[in-house]
Amino acid sequence: MNRLFLVHGYATGVTHPWLRPTIGSTLGFRAFRPFLLAGTAYAFPWYLPRVWTTGQFLSPTAHLSLLAEERRRAADPVWQEALIEAMERFGATTVVAHSLGVRFLMDAIAHAGLPESVTRIICILPESEPETSRLHPSIMRRLEEGTLLIEKWWCPWDHHLLALALAERRIPAGLLPPRDRWVRSRWFPLWRPWNLHTHPLRSRRVAFGLQKRRPKMESGAR
């Protein structure tokens with residue numbers, strides 16, 4: 001059975017009295033709710049809880065400040081080890097990471113390794129490139145043998161990543177195809193309002209496709 005391990009991204013813990021009244025048990029992975037309830041999916045909570053005013057919600061400064069804080073948490077070895085331990089306990093076979101969660105996941109794998117049960121990693125609209133150069137040789141061997149697959153889903157009109165590009169004067173990874181030869185490319189056109197950046201997490205087609213479809217493994221680079 002495919003067991004989905006979900007890693008949320010930026011600002012999941014932000015709430016607002018009427019714009020965003022609750023975090024929710026799905027941690028943003030709304031379309032995955034049936035699998036979370038059935039116990040075949042697990043969402044790992046690593047967010048920073050914040051209750052924002054309307055002014056903060058609309059403030060670029062507040063968003064960038066929170067992003068900096070969450071990047072520090074993503075780089076924390078204690079949190080990285082907790083992520084890998086939770087993945088191992090759950091018996092994850094497919095890991096789905098979104099946005100800043102991709103950086104957290106890839107840094108954790110580089111620091112603490114990857115459970116053997118994991119055969120597929122899906123990096124959805126990442127803000128930083130899921131590079132394999134820092135990974136342990138044992139993980140690279142699995143990529144070469146085709147027993148581990150890493151995919152990057154990208155879209156050039158993701159409004160969240162375009163705003164980040166303007167703020168940081170760089171091109172976030174999720175706007176372009178992967179540079180890494182060991183990371184497969186999937187163009188995912190975003191169209192569902194109001195938040196295009198979280199469209200894949202609200203898509204039943206994506207959730208049920210990832211739960212049911214086993215990846216086709218091929219040895220060697222793409």
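Values in this text are rule-based calculations from the coordinates and carry no lab data. Note that the structure is a prediction, hence the values are computed from the model and not measured. Note that we place each Cβ from the backbone using ideal geometry, even for glycine, and neighbour counts take in every protein chain shown.
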Give me the mean projected area, in nm² to one decimal, of the convex hull enclosing the Cα positions of region 78-135. 3.5 nm²
Residues with amide H under 5 Å of residue 95's amide H, sequence separation 5 or more or different chain, H placed in the peptide plane at 1.01 Å from N; which? 5, 120, 121, 122
How many nm is it between the label spots at residue 33 and residue 138, if each spot is 7 Å from the Cα in line with the beta carbon? 4.0 nm
Between 57, 44, 32, find the one with the highest GNM mean-square fluctuation for the chain; connect C-alpha pairs within less than 10 Å. 57
Computed from every Cα-Cα pair in the chain, P(r) in 10 Å bins starting at 0 and rounded to whole percents is 8, 35, 40, 16, 2, 0
GNM flexibility winner over the chain from 146, 91, 55 (Cα, springs under 10 Å): 55
Highest-fluctuation residue, 40, 132, 61 considered, GNM on the chain with Cα pairs under 10 Å: 61
3J(HN,Hα) from dihedral phi, region 103-109, Karplus parametrisation 6.51/-1.76/1.60, rounded to Hz, x for glycine, proline: 4, 4, 5, 5, 5, 5, 4
If amide H atoms are modeled at 1.01 Å from N in the peptide plane, then the residues at a separation of 5 or more from residue 43, or on another chain, having amide H under 5 Å from its own are 6
Between the alpha-carbon centers of region 35-55 and region 127-198, tell me the distance in whole angstrom. 22 Å
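What does the extension gain come out to for residue 22 and residue 1, with contour length at 0.36 nm per residue minus their alpha carbon separation? Mind showing how you got there, number by number?
On the way: separation 21, 0.36 × 21 = 7.56 nm, distance 3.12 nm.
So the extension gain works out to 4.4 nm.
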Determine, at each q value in 0.11, 0.15, 0.24 (inverse angstroms), the log₁₀ of I(q)/I(0) that the Debye formula gives when each Cα of region 37-142 is one equal point scatterer. -0.39, -0.68, -1.42
